[in-house]
Amino acid sequence: MEKIQEALDKRFRDHRVIFWYDEKKEFSEIFESLDIDQVEKIEVNSNEFEVKYKILKNSNSTKFLLYLPFEKPHNEENWLLDLELANHLFHTDQEAMFLQELGLDYYLKDLVSEHIEFFKSKERKQKLKTLLTKGDEQHEIRCKMLSVAFNTDTTNLDQFVQAYSSQLVVKSKDFDKPLDRFNLNDFFWSEIGKIYNYHSDKPSIYDFLLDLFQHNFVLGDNQNLSTESRLILSTWKNTIPYRDYFGEISEKVAGDIQVEEKLSSAQLDEIIGDDIFKLTDQRIIHELVSQLVDGNLSYDRVSAYIKRRENKFWYQEYSEFYNTIESGAQLIDLVKKYANYEFNNFDNGIKEYTNKYYQVDYAYRKFIWNYRLTKNNNVLQELAEKIEKIYNNSWLLPYNDNWQQLIDNIEAWPTDRIESQQGFFKNHVKPLLDKNQKLFVIISDALRFECGVELHEMIVSENRFESNLEFMVSSLPSYTQLGMASLLPHSGLEVKKGGDSLIVDQMSASGLKGRSKILQVNSGVRATTILAEDLMKMKTKSGGEGREFVKDHDLIYIYHNRIDKTGDDKTSEGKVFEAVADELIYLKDILRKISGLNGTNVFITADHGFIYQNQKLDESDFSLSEYEGDVWKENRRFVIGENLKGDKNTKKFNAAELNLNNENLEVLIPKSINRLRIKGAGSRFIHGGATPQEVIVPLLKTAVRKRTDTVSLVNIDIIKSTDRITTNILPVSFIQQDLVGEKILPRHIRAGIYAEDGELLSDQFTFQFDIEEGSERQREVKHQFHLSKKAGGKYKNQRVRLILEEPLEGTTKWKKYRDFYYTLNITFSSDFD
């Protein structure tokens, strides 16, 4: 009764007279009990003339509910037909009640009857009601019923397929029964047939998916599906609720249509653009490795192939593999490129290393790091072996053998020039302090030069920071105690007799307290030291301990030891490149912390660098040197003591040649990259010697700015030869307008063609524009957009937009970057494409 009362109340808002036929007299008691304000109830029972007279005689303000306990008469026998046609007919059959709840007209009764099970759920009706719009006809209503049944956000057929398929993946019990239960099965498959040209005597979602993947696979068989079928796969991979199911469906289909067999003999150029099966990526990776190992691929071609995979569905899963291959190809290319290196003198050798030769060590580090991320996957093993041989035998050893000739000929280690680590305070720190500027100095143990290059690139990629990259040549031997002491203000350095610790102007340079005292005595300003971990714990809010700490000091040395600690431990030295990756991120975090403490000027440097070789070392890598004398300290790369005697495998320096104040101190350095045989010490990660990798350290002079205009994202445009779309395929050329560099950063875009009402009419194209070299033509990226049938139907002759979007930082959402207008004018012949 309550529903009838509500329905009548609602109808009387718009109608004066309501007719209520009740053939079976099921609602007579309800009629008698109804009490509707300002409505007169009349039962019609052979009193039609009286009823008609009463209604017509009364003013228009009086409302009437006419209850007719019989079947609705034919028009020619209906005495009240004129009133009935001029007013409202109220129905109380189940279908009518459903229609009234939904605000739909009674002529749609047959639709409700056909799908009566769907309408028996209050929840389904409520969901459908939110989707309905005025003027919806049977086709639109059924589409919206499918949206409710599949629980999708839209009424797009491709999303129905995605939702249907997801239920297949999760193996939901009777996942395909709702279509039968709601009698929507025939409608659904007729729509699939109309749009995608799929026809079957016994249609099923998996049978359709088999045809769909087979038809759109570059090596698949033609299943006579429409070009529209391509859009299902394209949108599926970009639809967040269903993208994970795409992967599982793809793998199942791959096994059933024998994709691996089809790919076994495929060529790179043939499959490089395919984006349907994971096996395609595996085949591409296998082929890239094979051709690199055989020497048949250049770095440029490898890079181009990998760039084409970046916007593909499976790329993220295999990104470490692709990164490993690209770094390996780069290393091979660099070693060939720099094969004819020569050193004119020490200064020239340092300059050449910091300008270009460091790139080989950088590429090697990236290769090993990514290779380890792949869990040393077998598919990469042959390439890894080749890279090790090239890096160790064709680069690291011969390069440093040649470098050693310079070292053998120098009379003293260069400590008197501006690049010397021993002049750090005098040449770099003091000039800033003299200007009354506060300075933070971050010293990262074993941050070698090439690591500093990457850190520099990371810093300048953010609007908040500016960075200038320089270098210094560390003290020799290149070990922690001497390097840390060299960075302090001092008049003289002295190795403490009997060991390897340092005395600075009669003060111990060991530990934080020792270094802090030296700073306080020698710097001439309020100076102190702190461990990075302790600084990071301090609160940055006003009045907090961090702000107070910074306020009390003009010079703060901050120490962190992740790389050296990892590499110096024999059990963890294999993870040193992972430690580098973590350290670079941590150093950026320290910068942000300093910014939060209102710091501005920050120097980042190191005490020494290192050499690392991932492979197990050969006997030839260990020096056969037999040295003797009063040994104070020995490790793989140096010996400190008095009255030392070396041989042809070592280079000897005395204290004066190293600018140390000891009278009789001598140092032996193994030549090139050779290691001394020291019991228990690690052998793959080493430092202390005189190679560029060990003695050249970065010096980043960083300014923390609270400004947002130091860098910008690269601009993207298109080459637009027409503003009309006349076929179902629209080729578009995207142009990266500038080269990516320190001040111009990459831009990630997603592009698609949309109607004015927001409907997506094409596949979506995603791409990372990060090209660093080449002409504008070489920065052109092409894509063919495939348009749906709606483009030539519902939206024909309308204006549409090619919209370029970019990610909204910190979210999964996108924001508009640019758009370009076109007019749809697709001809009928396009249906035959």
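Here, each number is a calculation from the coordinates, and none is a lab measurement. For clarity, every value in this text was computed on a predicted model and none was experimentally measured. Backbone-built Cβ (ideal geometry, glycine too); neighbour counts: all protein chains shown.
Can you list the residues, at least 5 places off or on another chain, whose amide H is less than 5 Å from the amide H of ILE718, using H built in the peptide plane?
Sorted by chain and number, the residues that satisfy this are ILE735.
For segment 268-310, just say rounded, prolate or oblate: build the C-alpha gyration tensor, square-root its eigenvalues into a ≥ b ≥ c, call rounded for a/c under 1.5, and beyond that prolate if a/b exceeds b/c, oblate if not.
Oblate is the answer for segment 268-310, as a/c is 1.5 or above yet b/c matches or exceeds a/b.
Compute the Cα gyration tensor for segment 773-818, then decide on rounded, prolate or oblate, letting a ≥ b ≥ c be the square roots of its eigenvalues: rounded whenever a/c is under 1.5, prolate when a/b is larger than b/c in the other cases, and oblate in all that remain.
Oblate, since a/c reaches 1.5 and b/c is not below a/b.
Given points 7 Å out from each Cα along the Cα-Cβ axis, report the SER46 to LEU531 separation in nanometres with one decimal.
10.6 nm
So how tilted is helix 205-216 from the main axis of the chain? Cα-based, degrees 0 to 90, rounded to 10.
50 degrees
Kirkwood hydrodynamic radius for segment 329-421: how many Å is it when counted over pairs of different Cα atoms? Don't jump to the answer; show the numbers that get you there.
On the way: mean 1/r = 0.0672 Å⁻¹.
Across segment 329-421, the inverse of the average 1/r is 14.9 Å.
How large is the Kirkwood hydrodynamic radius of segment 217-262, counting all unique pairs of alpha carbons, in Å?
11.8 Å
In Å, what Rg and Dmax follow from the Cα atoms of segment 712-832?
Rg then Dmax for segment 712-832, in Å: 15.4, 50.
Which lysines have a Cα less than 18 Å from the Cα of LYS575, not counting those fewer than 8 places away in the same chain?
Cross-link targets: LYS366, LYS375, LYS565, LYS616.
How high is the relative contact order of the chain? Use alpha-carbon pairs under 8 Å, at least six apart in sequence, and give a whole percent. Write down the numbers at each step before the final one.
Details: 1381 pairs, mean separation 77.4, N = 833.
Answer for the chain is 9 percent.
Simple spin-label model, 7 Å along Cα-to-Cβ: THR812 to ASP300 in nm?
With each label point 7 Å from Cα toward Cβ, the separation is 4.1 nm.
In which sequence would THR374, THR324 go, from the one with the fewest C-beta neighbours within 10 Å to the one with the most?
In order of increasing Cβ crowding within 10 Å: THR374, THR324.
Karplus couplings for segment 406-418 from phi (6.51 cos²θ - 1.76 cosθ + 1.60, θ = phi - 60°), rounded to Hz, Gly and Pro as x?
For segment 406-418, the Karplus-derived couplings read 5, 5, 4, 9, 7, 7, 8, 5, x, 10, 9, 9, 5 Hz, x marking Gly and Pro.
Can you compute the FRET efficiency between GLU6 and LYS194 using 1/(1 + (r/R0)^6), with r the Cβ-Cβ distance and R0 = 41 Å? Round to the nearest 0.05.
Approximately 0.55, to the nearest 0.05.
Using the basic label-point model (7 angstrom from Cα toward the beta carbon), what is the GLN778 to LYS24 distance in nanometres?
Distance between label points: 8.2 nm.
Stick to the Cα atoms of segment 259-406, pair each with every other, and give me the Kirkwood hydrodynamic radius in Å at one decimal.
16.4 Å
What is segment 638-794 by shape, rounded, prolate or oblate, if you read a ≥ b ≥ c off the alpha carbon gyration tensor as root eigenvalues and call it rounded for a/c under 1.5, prolate for a/b larger than b/c, and oblate otherwise?
The shape class here is prolate.
What share of Cα pairs, in percent, lie more than 17 angstrom apart in segment 375-455?
73 percent
When Lys and Arg each count +1 and Asp and Glu each count -1, what net charge do the other residues less than 13 Å away from ILE272, Cβ to Cβ, add up to?
Net of charged neighbours comes to -1.
Which ³J(HN,Hα) values, rounded to whole Hz and listed in residue order, are derived for segment 603-612 from phi using the Karplus coefficients 6.51, -1.76 and 1.60 in 6.51 cos²θ - 1.76 cosθ + 1.60 with θ = phi - 60°, glycine and proline given as x?
Whole-Hz 3J(HN,Hα) from phi for segment 603-612: 9, 10, 8, 8, 7, 6, x, 6, 10, 9.
Taking 0.36 nm per residue of separation and subtracting the Cα-Cα distance, what length does fully extending VAL379 through SER204 add?
Details: separation 175, 0.36 × 175 = 63.00 nm, distance 3.79 nm.
This chain segment gains 59.2 nm when fully extended.
So if we plug the beta-carbon distance of LYS435 and ILE240 into 1/(1 + (r/R0)^6) with R0 = 51 Å, what FRET efficiency do we get, rounded to 0.05?
0.45
log₁₀ I(q)/I(0) of the chain at q = 0.06, 0.10 Å⁻¹, via Debye over equal Cα point scatterers, no solvent, to two decimals?
Ignoring solvent entirely, the Cα scatterers give -0.61, -1.10.
Could you tell me how many degrees, from 0 to 90 and to the nearest 10, lie between the Cα long axis of helix 2-11 and the main elongation axis, the longest principal axis, of the Cα atoms of the chain?
Tilt of helix 2-11: around 80 degrees.
222 nm [θ] for the chain, helices only, -39500 (n - 2.57) per DSSP H run of 4+, per residue, to 500?
Numbers: 34 runs with 326 residues, N = 833.
The per-residue figure over the chain is -11500 deg cm²/dmol.
Extension gain SER516-THR154, at 0.36 nm per residue separation less the Cα-Cα distance, in nm?
Result for the pair: 123.8 nm of gain on full extension.
For GLY688, enumerate residues with amide H under 5 Å from its amide H, sequence gap 5+ or separate chain, H modeled in the peptide plane.
Correct list: SER478.
Give me the number: length gained by fully extending LYS120 to ASN393, i.e. 0.36 nm times residue separation minus the C-alpha to C-alpha distance, one decimal in nm.
90.5 nm is the gain from fully extending LYS120 to ASN393.
What do you get for the angle between helix 157-170 and the principal long axis of the chain? Use alpha-carbon atoms, 0 to 90 degrees, nearest ten.
In the chain, helix 157-170 runs at an angle near 70 degrees to the longest axis.
I'd like the projected area of segment 154-257, averaged over all directions, using the convex hull of its alpha carbons. Report it in nm² with one decimal. Show your work: numbers first, answer last.
Details: hull surface 26.2 nm².
Orientation-averaged projected area of the Cα hull: 6.6 nm².
Quick one: which residues, 5+ away or cross-chain, put their amide H under 5 Å from the amide H of ASP763? H built at 1.01 Å from N.
For ASP763, whose amide H was placed from the backbone, the distant partners under 5 Å are HIS786.
On alpha carbon coordinates alone, what is the Rg over Rh value for segment 619-687, Rh being the Kirkwood radius?
We get a ratio of 0.96 for segment 619-687.
For segment 775-792, in order, what is each residue's ³J(HN,Hα) by Karplus, 6.51 cos²θ - 1.76 cosθ + 1.60 with θ = phi - 60°, in whole Hz (x at glycine and Pro)?
Listing the rounded values in order: 6, 4, 4, 6, 9, 8, 10, 9, 8, 9, 7, 9, 8, 6, 5, 4, 5, x Hz.
Taking only the C-alpha atoms, wrap a convex hull around segment 422-560 and report its volume per residue in Å³ as a whole number.
126 Å³
Using the beta-carbon distance between SER319 and ASP176 and R0 = 45 Å, what value does 1/(1 + (r/R0)^6) give for FRET efficiency, to the nearest 0.05?
E between SER319 and ASP176, to the nearest 0.05, is 0.80.
Translational D (Stokes-Einstein, µm²/s) of segment 578-658 at 37 °C and 0.692 mPa s when Rh comes from the Kirkwood sum over C-alpha pairs?
192 µm²/s
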